[in-house]
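Worksheet: the structure to be examined is printed underneath.
The values are calculated or read from the model by the stated rules, or taken from the named source; none is laboratory data. The model shown is predicted, which means the values in this text are computed figures rather than measured ones. Methodologically, a virtual Cβ is constructed for each residue, glycine included, from the backbone with ideal geometry; neighbour enumeration extends over all protein chains shown. Each accessible area value is taken on the protein alone, full model and side chains, heavy atoms only, with ligands, DNA and RNA left out. Shrake-Rupley method; radii C 1.70, N 1.55, O 1.52, S 1.80 Å.
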Amino acid sequence: MKIPLSWLREFTDVQLTAEQLADALTLRGLEVRGVERWGANWNKMVIGELLEVAPHPKADRLQLTKVRIGDGPILNIVCGARNIAAGQRIPVALVGAEMPDGRRIERAEKMGIASEGMLCSGQELDATDDGDGILILDSSAPLGTPLVDYLGEDVIDVDVKPNRGDLLSILGLAREVGAITGAPVAYAARPLKEGADAVGAGLALRVADEALAPHVVLRVVDGVKVAASPDRVQMRLKAAGLRSISNVVDATNYIMLELGKPTHAFDRAKVGETVQIRLAKKGESLETLDHEVRNLDATDLVVADERAALALAGVMGGASSEVSPSTSSVIIESAIFAPTSVRRSAQRHSLRSEASHRFERGQERRLATLGADQVAALLTEWACGVAQTGRLVTGAEEAPATTLNFRPSRVRALLGVALSDDEQVALLSSIGINADPAADATKIAVTPKRSVSAEKGSARAVRVPSWRSDLEIEADLAEEVARLYGYERIPTSVPSADLPSHRPSPTLLRDRVRRLLADAGLHEVVTHALVSAAQAELWSEPASIVTGPLAASEGSAGGASIVLQNPLSADHDRLRQSLLPSLLDRVDANLRYGATSGAIFEVGRGYGSTKGAPSEWTRLAVAVWGDREQGAPSVGATAWNLDELKRLLAQVAHLVGERPAYGSSIESAVLHPGINAVITGDRIAGVLGELHPASPIWRDEPRILLAEVAIAGLRAGRVETAQIALPPATPPVTRDVALLIPAAATVGQVVAVARSAVSRATNVELFDLFAGAPLAPGERSAGLRFTFQPSATGADDEAIAAELTAFEGAVLRACGARIRGVEGQ
Amino acid sequence: MDLAALEKQLRTLQADAATRISAAASTAELDELGSSLLGKRGAITEILRGIGALPADDRPKIGVVANEVRAAIDASVTARRVALSAGELLERIERERVDATTPGPAPRIGSLHPIPETIAAIAEIMASFGFVVSEGQEIEDDVTNFQLLNIPEDHPSRDLWDTLYLQEPGRLLRTHTSPGQIRTMQAGGPPIRVILPGRCFRYEAVDASHGFEFHQVEGLLVDRGATLADLKGILDELAKGLFGSAARTRFRPGYYPFTEPSVAVDVSWPGSKDGWMTILGAGMVHPVVLENGGIDPETHQGFAFGLGVERIAMLRHGIPDLRAFLENDLRFLAGFR
């Protein structure tokens, strides 16, 4: 809401500067978006007086003028306008001035005669819509004064919150200003002189649904001459951010800004005998003033006559009854409409107007009559109109008075500030919320639906001003007291009582994982959860990968992709099911930025929907490419490869006390079908591998490796306290087992058999893997090192031998692998 | 062999040894020389074999001489070793000298993203006041995201949030972390001190200070006597924790449907560019919201606050464009230590 300060001053005295007022309003909860000086772009423009106006010897459409601007030399200015005469005061753009449209005024020859500046029209100043004539100023305009000092305007732009519809008006803001300055606030209604004709002749008003239009007022003004508004009106509307249309439309807009009451003017000649307020009929349509034809819904409230809809009630007028230059008589409609109905219509037709904005926020009932009368008064003043006697009215003109009770003690308890009962009442009265003398209040509205009884004598009652429909409950008054007292004066303290019991942070493990990865040289990223259809189709984790308690704690992946109803773009129209596509997108970006090596990770969520029930799961995703470590003169660089990625995941898994195991590979569009594995485990599970060579991001060098895993406790788990047995004095022993693995079997299978069959081993490592001659094609030789920790008593050799024998049989049965030899001590 | 002859042999050995010891070129040569003179099978021992031929009276005398010679040789070996080893040490040092001023291999630089790290910074400050992190769901329903927070359908206050809706009717992506207030209250009664960080979504065009995905941290305290003054105290501490102990706060009325009174908090700190910067919204929990959370507003009260993580991170790190957070350029990320 833009407030020209001169307008504000019509209702209350303001001694503060615009900046001081802006600060004071902001501290009272009326956030000021900005303060501007309207007209500040009129540089080198001053007020001049026409001394002579004479015809140009060579051009009929030009005139020669002599202009006095204060004490300086008389200027010779050539002018094309016809509305000038000697003795007038006019705006003069001096040589060197820049016009609002960017044009620069130079000393110029016009048909052989020098011109030392320009006389300005309202349009050239961007002040009015009149481009034909020079803007003629009042004869008292001070000569030589910069134009901005005479016509300029301080404008404060206030961000009005949705609960304070009353502040969408100059008068409403004046009340707030008055509460700050202590100056009285008064609205002097323009007197309306009515004509001889009575309004009822030939026009009726019928309201079909009083719930949607509880109060409607019509006035008719005859003899209207539609023209441009007076210059000062056009400028004031422009400073307030509104375009000038015509004197009739401007009158309605002027009153809308002044009182916050939208009204609408219909061309009387285009309206039948009955103005009806009713719901639209099925199939009915309406061309609105923006020349869009709207197909109306049966819940749209319209203003109509007996033939057709004329306007979308509270939102926008219709083209068929629009005021035009030929209009001579107008109907002013000033109504109270149900806010929800107006809001729904405005939303349905994507048609937000200044009027609907105000109707949605609720209207003070008594403004319907006042608004109609004030518009009519302006039409008599600006457009030679004659108002017919009386109004057509439905519904009560005043809403019943309401009182609101509050307990000053409760306000003190809520705010934590010692304000006496009387101080609170005095603060409220400064904004027009006056205490009722009847001090017998006991019913306290705690919420709009719930009241409690106060002890007799402990509560005060206030009369809620008719414009403050936002004051519904006791807490609303507490806010008014705090606001008027000043938040800055409320003390600061720290709550001392009632501490909840200890709860561990759910991010403890996650933070350890993140720190470990960052220390290992990875960069944490945060990527979009909303992705494109193509990204979503790339990969989604099958429910078979993360199961059991791990799925319970971290969330089970799967279900259908969740698609937005109103996406901003197709690139982000659905929720991701996997973090990998989002991560790949960032790998691609960084490759484009020249990062030939990189390592990134994200802890984030996947989303899916199963039978309409949405679910969210938490995963860690990693993408690495290029060098893991740069080289130096004495050491070579190490590249990221499957083993280095596994080392990293093993370090992460160690935080939850597990060593990842690798199972069969999967077929997908994201991972290289020949270079990937499923990670299986109770506390870590997922997939890892190289990027699929068919991916558009794939390149031969560097290769991109990916992993996505669930980790027990990543979402909200604790860091478990490890239970530690002291190691015996005997050193560990090892057994190196050489195996021949047939082409059909994987090392992962062999290791899995080894881990389960040799349960005494504290560790199993693959220390050698060889393929090629003299082995058969596809056959591999593997070396597994088993580490055992003999007990203090020793004599475990037999047990170890027995387990290794069992392993020999098991691995042959499971994988067809043969043990070629065992070494060790 | 008589006494004199033996003595002469020893003295000759002594003189000869002195020459050879001083000529020894290395500690290794000296060690060898030393044992050839003084060792069990060394020259002195060899000479003293002749002692058996001497009369018994002379034997102690030659013993005295032999000890003198031994001591003299030993002393010159020791002296020579000191001289030699100092030289050899210098030689080793010179031989092993390298240019240790090379820059060394590049470190493995990883980083933690400023968004989760800013959340962690807020969590750490609030933990000292007993607030613990709790994380809610991002897919919400209209009821919890709006209606239970005192934002009815068809109310103009809905205009404060441009919402991304799911195709499923009634479901949406949470526009703020505030529905966590309802879920927290419903999950357990007061006293409550909790912060709720997380990702939020809005139907919003992307520019330097807006995105359709962003993060918020919600805070909620409900007990028997928390006041607006307490809200000021806690949030002043939070601002100081985030922007330094010299930071100042300004509290002014704001508007949120789920708080009454509502508060907007501005902060200013030495080095802040534009004076007062609005960093969070807050207020005393609205009685309707308390009731919707299952808490009686007549016996309990509290306050809530919410802040935009991106905005805080931008202000703290001097980042001019919010889009950098989702861009994840490694050159940008590497700056976060």
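Below is a table of values for the structure above.
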{"quantity": "Scope region A:13-27; condition surrounded by 14 or more Cβ atoms within 10 Å (Cβ to Cβ), closer than 21 Å to B:Phe251 by Cβ and touching a residue at least 12 places away in the same chain (Cβ under 8 Å); matching residues", "calculated": "A:Leu21, A:Ala22, A:Ala24, A:Leu25, A:Leu27"}
{"quantity": "Test: residue in region A:391-401 that is of a type in the set (Ser, Thr, Tyr), touching a residue at least 60 places away in the same chain (Cβ under 8 Å) and over 23 Å from A:Leu171 (Cβ atoms)", "calculated": "yes"}
{"quantity": "Number of positions in region A:91-110 that are more than 14 Å from A:Gln123 (Cβ to Cβ) and under 49 Å from the mean Cα position of the chain (by Cα)", "calculated": "10"}
{"quantity": "In region A:776-825, the residues that are in a strand (DSSP E or B) and either out of contact with any strand residue (DSSP E or B) (no Cβ under 9 Å at 6 or more places or on another chain) or more than 14 Å from A:Arg735 (Cα to Cα) (or both)", "calculated": "A:Arg780, A:Ser781, A:Arg818"}
{"quantity": "Hits in region A:436-472 (condition: under 39 Å from the mean Cα position of the chain (by Cα), farther than 28 Å from A:Arg358 by Cα and open to solvent by less than 50 Å² (accessible area, probe 1.4 Å))", "calculated": "A:Ile444, A:Val452, A:Ala461"}
{"quantity": "Which listed residue is in contact (Cβ under 8 Å) with a residue 40 or more places away in the chain and either assigned to a helix (DSSP H, G or I) or within 60 Å of the chain's Cα centre (by Cα) (or both), from B:Arg70, B:Arg11", "calculated": "B:Arg11"}
{"quantity": "Hits in region A:48-88 - residues which are out of contact with any Lys or Arg (no Cβ under 6 Å at 6 or more places or on another chain), under 17 Å from A:Thr145 (Cα atoms) and part of a strand (DSSP E or B)", "calculated": "A:Gly48, A:Leu50, A:Val67, A:Arg68, A:Leu75"}
{"quantity": "Unique match (being within 26 Å of the chain's Cα centre (by Cα), more than 9 Å from chain A (Cβ to nearest Cβ) and either closer than 30 Å to A:Gly521 by Cβ or assigned to a helix (DSSP H, G or I) (or both)) among B:Thr118, B:Thr78, B:Thr101", "calculated": "B:Thr118"}
{"quantity": "Count of residues meeting criterion [open to solvent by 80 Å² or more (accessible area, probe 1.4 Å) and out of contact with any helix residue (DSSP H, G or I) (no Cβ under 9 Å at 6 or more places or on another chain)] in region A:485-511", "calculated": "5"}
{"quantity": "Some residue of region B:316-325 being in contact with an Asp or Glu (Cβ under 7 Å, 6 or more places away or on another chain), within 14 Å of chain A (Cβ to nearest Cβ) and under 26 Å from A:Phe601 (Cβ atoms)", "calculated": "yes"}
{"quantity": "The one condition in (1) out of contact with any strand residue (DSSP E or B) (no Cβ under 7 Å at 6 or more places or on another chain); (2) assigned to a helix (DSSP H, G or I) that A:His502 fails to fulfil", "calculated": "(2)"}
{"quantity": "In region A:352-400, residue farthest from A:Pro191 (Cα to Cα) [restricted to those that are open to solvent by 40 Å² or more (accessible area, probe 1.4 Å) and in a helix (DSSP H, G or I)]", "calculated": "A:His357"}
{"quantity": "Matching residues, region B:133-155, being of a type in the set (D, E, K, R), open to solvent by less than 30 Å² (accessible area, probe 1.4 Å) and in contact with a helix residue (DSSP H, G or I) (Cβ under 9 Å, 6 or more places away or on another chain)", "calculated": "B:Glu140"}
{"quantity": "Out of A:Arg515, A:Arg483, sole residue that is within 30 Å of A:Glu616 (Cα to Cα) and outside any loop (DSSP other than H, G, I, E, B)", "calculated": "A:Arg515"}
{"quantity": "Odd one out for A:Thr638 among (1) surrounded by fewer than 18 Cβ atoms within 10 Å (Cβ to Cβ); (2) closer than 29 Å to A:Asn763 by Cα; (3) away from every other protein chain (no Cβ under 11 Å); (4) among the polar types (S, T, N, Q)", "calculated": "(3)"}
{"quantity": "Flag for B:Arg183 being over 28 Å from A:Ile490 (Cβ atoms) and touching a Gly at 6+ places or on another chain (Cβ under 6 Å)", "calculated": "yes"}
{"quantity": "Single match in A:Leu212, A:Leu286, A:Leu218 (criterion: touching a helix residue (DSSP H, G or I) at 6+ places or on another chain (Cβ under 6 Å), surrounded by 18 or more Cβ atoms within 10 Å (Cβ to Cβ) and more than 30 Å from A:Arg37 (Cα to Cα))", "calculated": "A:Leu212"}
{"quantity": "Some residue of region B:237-246 being facing chain A (nearest Cβ under 9 Å) and farther than 30 Å from A:Val624 by Cα", "calculated": "yes"}
{"quantity": "Residue selected from region B:267-289 under the condition within 9 Å of chain A (Cβ to nearest Cβ) and open to solvent by less than 20 Å² (accessible area, probe 1.4 Å), by the criterion nearest to the chain's Cα centre (by Cα)", "calculated": "B:Gly283"}
{"quantity": "Options A:Phe767, A:Phe788; residue that is of a type in the set (A, V, I, L, M, F, W, C), open to solvent by 80 Å² or more (accessible area, probe 1.4 Å) and free of Cβ contacts under 8 Å to residues at least 60 places away in the same chain", "calculated": "A:Phe767"}
{"quantity": "Residue within region B:84-94 that is touching a helix residue (DSSP H, G or I) at 6+ places or on another chain (Cβ under 7 Å), within 13 Å of chain A (Cβ to nearest Cβ), of a type in the set (A, V, I, L, M) and in a helix (DSSP H, G or I) present", "calculated": "no"}
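Yes/no matrix, rows are residues, columns are (1) out of contact with any His (no Cβ under 6 Å at 6 or more places or on another chain); (2) modelled with pLDDT under 95; (3) more than 10 Å from chain B (Cβ to nearest Cβ):
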residue	(1), (2), (3)
A:Lys456	yes, yes, yes
A:Ala461	yes, yes, yes
A:Ala475	yes, no, no
A:Val481	yes, no, no
A:Tyr487	yes, no, no
A:Ala497	yes, yes, no
A:Thr507	yes, yes, no
A:Arg514	yes, no, no
A:Glu541	yes, yes, yes
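Residue-by-condition table, conditions (1) modelled with pLDDT under 95; (2) closer than 30 Å to B:Gly188 by Cβ; (3) assigned by TED's automatic domain parsing to the domain that holds B:Leu148; (4) not acidic (Asp, Glu):
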site: B:Phe258; (1), (2), (3), (4): no, yes, yes, yes
site: B:Val263; (1), (2), (3), (4): no, yes, yes, yes
site: B:Asp274; (1), (2), (3), (4): yes, no, yes, no
site: B:Ile279; (1), (2), (3), (4): yes, yes, yes, yes
site: B:Gly283; (1), (2), (3), (4): no, yes, yes, yes
site: B:Phe305; (1), (2), (3), (4): no, yes, yes, yes
site: B:Gly308; (1), (2), (3), (4): no, yes, yes, yes
site: B:Asp321; (1), (2), (3), (4): no, no, yes, no
site: B:Glu327; (1), (2), (3), (4): no, no, yes, no
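Quick grid of which residues meet (1) surrounded by 19 or more Cβ atoms within 10 Å (Cβ to Cβ); (2) within 11 Å of chain A (Cβ to nearest Cβ); (3) assigned to a loop (DSSP other than H, G, I, E, B):
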residue: B:Ser157; (1), (2), (3): yes, yes, no
residue: B:Pro169; (1), (2), (3): no, yes, yes
residue: B:Leu172; (1), (2), (3): yes, yes, no
residue: B:Ile182; (1), (2), (3): yes, no, no
residue: B:Pro190; (1), (2), (3): yes, yes, yes
residue: B:Arg193; (1), (2), (3): yes, yes, no
residue: B:Arg199; (1), (2), (3): yes, yes, no
residue: B:Ala205; (1), (2), (3): no, yes, yes
